[in-house]
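**Student:** Here you go, one structure.
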Amino acid sequence: MSITLADARVVTPGGVHEGWLTIEDGRITHVGHGPAPGPGHSLAGRYVVPGFVDIHNHGGAGGSFPTGDPDEASRSVALHALHGTTTLVAGLVTASPEDLARAASSLADLCDDGVLAGIHLEGPYLSAARCGAHDPALLREPSPRELTELLKAGRGHVRMLTIAPELPGAIATIAEAVSNGVIAALGHSDATYDQAVAGIEAGCTVATHLYNAMPSPHHREPGPVAALLEDERVTVELINDGVHLHPAMARLAFAVAGPGRTAFVTDAMAAAGMGDGRYGLGPMTVNVVDGVARLAEGGAIAGSTLTMDAAFRYGVQRVGLSLPEAAEVTSLTPARVLGLADRLGSVAVGKRADLVVLTDDLEVCGVMRRGAWLTEPR
């Protein structure tokens, strides 16, 4: 089956051009400039960007990945897909070893089916001083042995581990993760600059939601933020919702790391796509008021209600990114983190036809995954 999308403004890493593209068997086979060579589905001048890739997400549509419930997980994936996320890693939160293993095993089934792109263990090896919305009673010292058991439960689908490198046993656990092909991410950490550097040297290549749940940089105590931003091996996550960080701080990170080392993430929880109210995030209770999620006890920010299309818009309209830059940080860079950039993440010949059609106002009006419309633009 062949589909031609005509009369589009195609957003590629090289810029934006008026043109067309053809999809066959779920892949992009041609990307052209100007009028399409034959009849096609006219997009009436709308933008086409690559499907969004979210490497840090805990749920949505009332569903939560940490429960491990496949129906909740599928509902969450469907909600984010309607907002343009065509590749999603399911995030777990700090829990008992038994609960983490059970959830990882359940979500691995959805990974086998291609519904999820992997599992992210955000916890339990986090700093008690920077645990945010994680249950401090369930935090524990990093353990290579425990991690090995969790990786077995996930059947090869655990793709990322967030860890505080200053904790006893952290360096060995980072090495264990990396040796098993798991991305080690530095986050929820009270590390000094030197401790952060040690974590990076041990193998941490991602900063879990930079700035959040880590010490603020100081001119005499730069802490992990400076270490993560300055190292070319590290990709920094940003929760670009205007709540977790001021747009000026997003601009600062972007100025240092650039689009090739910046990945927008949602850190979404069950309330994404829903209204205000009370929700669960693992064992924690979260109140959502005016779209902002905070712990019922203590008031710490507890994930977000963000979707990737909103992060894309905010990046362009408030942070000042160009459309190609916004596409890179919401798709190509996170795809690169997952080792999938050769298959998806940009509008290019040979890549999977995961596409989002946007209006002039950058609102989603169509989503295609693997060459099939999830929502078809009219």
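**Student:** Here are G273, G282: which of them is small (G, A, S), in contact with a Leu (Cβ under 9 Å, 6 or more places away or on another chain), surrounded by 23 or more Cβ atoms within 10 Å (Cβ to Cβ) and on the phi > 0 side of the Ramachandran plot? Walk me through it before giving the result.
**Tutor:** Details: G273 fails: surrounded by 23 or more Cβ atoms within 10 Å (Cβ to Cβ).
Checking each option against the conditions leaves just G282.
**Student:** In segment 333-343, which residues are surrounded by fewer than 24 Cβ atoms within 10 Å (Cβ to Cβ) and under 21 Å from V367 (Cβ atoms)?
**Tutor:** L338, L340, A341, R343
**Student:** Filter segment 317-326 down to residues that are part of a helix (DSSP H, G or I) and farther than 12 Å from V16 by Cβ and give me whichever is nearest to the chain's Cα centre (by Cα). I'd like the intermediate steps shown before the answer.
**Tutor:** Residues of segment 317-326 part of a helix (DSSP H, G or I): 317-319, 323-326.
Now drop any that are not farther than 12 Å from V16 by Cβ, which leaves 317-319.
Values: Q317: 20, R318: 20, V319: 18 Å.
If we take residues in segment 317-326 being part of a helix (DSSP H, G or I) and farther than 12 Å from V16 by Cβ, then V319 is nearest to the chain's Cα centre (by Cα).
**Student:** Something else about it: Would you check which residues across segment 82-102 are part of a helix (DSSP H, G or I) and buried (at least 24 other Cβ atoms within 10 Å of the Cβ) and list them?
**Tutor:** Step one: filter segment 82-102 for residues part of a helix (DSSP H, G or I), giving 82, 97-102.
If the condition is that a residue be part of a helix (DSSP H, G or I) and buried (at least 24 other Cβ atoms within 10 Å of the Cβ), then L100 is the only one that fits.
**Student:** Taking E122 as the residue in question, decide whether it is surrounded by 17 or more Cβ atoms within 10 Å (Cβ to Cβ), assigned by TED's automatic domain parsing to the domain that holds T330, acidic (D, E) and touching a Lys or Arg at 6+ places or on another chain (Cβ under 9 Å). Write out each step before concluding.
**Tutor:** On the way: surrounded by 17 or more Cβ atoms within 10 Å (Cβ to Cβ): yes; assigned by TED's automatic domain parsing to the domain that holds T330: yes; acidic (D, E): yes; touching a Lys or Arg at 6+ places or on another chain (Cβ under 9 Å): no.
No.
**Student:** Inside segment 1-78, counting only strands (runs of 3 or more DSSP E) that do not spill past its ends, which hold 3 or more residues that are closer than 30 Å to I239 by Cα?
**Tutor:** Strands (runs of 3 or more DSSP E) meeting the threshold: 2-12, 15-24, 47-50, 52-57.
The rows are residues; the columns are (1) in a helix (DSSP H, G or I); (2) surrounded by fewer than 16 Cβ atoms within 10 Å (Cβ to Cβ); (3) without any contact (Cβ under 8 Å) to a residue 60 or more places away in the chain.
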site: E297; (1), (2), (3): no, yes, yes
site: A310; (1), (2), (3): yes, no, no
site: Y314; (1), (2), (3): yes, no, no
site: E328; (1), (2), (3): yes, no, no
site: S331; (1), (2), (3): yes, no, no
site: G350; (1), (2), (3): no, yes, no
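**Student:** Determine, yes or no, whether E149 is at pLDDT 95 or above and either within 25 Å of S216 (Cα to Cα) or not in a helix (DSSP H, G or I) (or both).
**Tutor:** Working: at pLDDT 95 or above: yes; either within 25 Å of S216 (Cα to Cα) or not in a helix (DSSP H, G or I) (or both): no.
No; evaluated as a whole, the condition is false for this residue.
The values are calculated or read from the model by the stated rules, or taken from the named source; none is laboratory data. Quantities reported herein were computed from a predicted structural model and do not represent experimental measurements. Note that each Cβ is placed from the backbone with ideal geometry, even for glycine, and that neighbours are counted across all protein chains shown.
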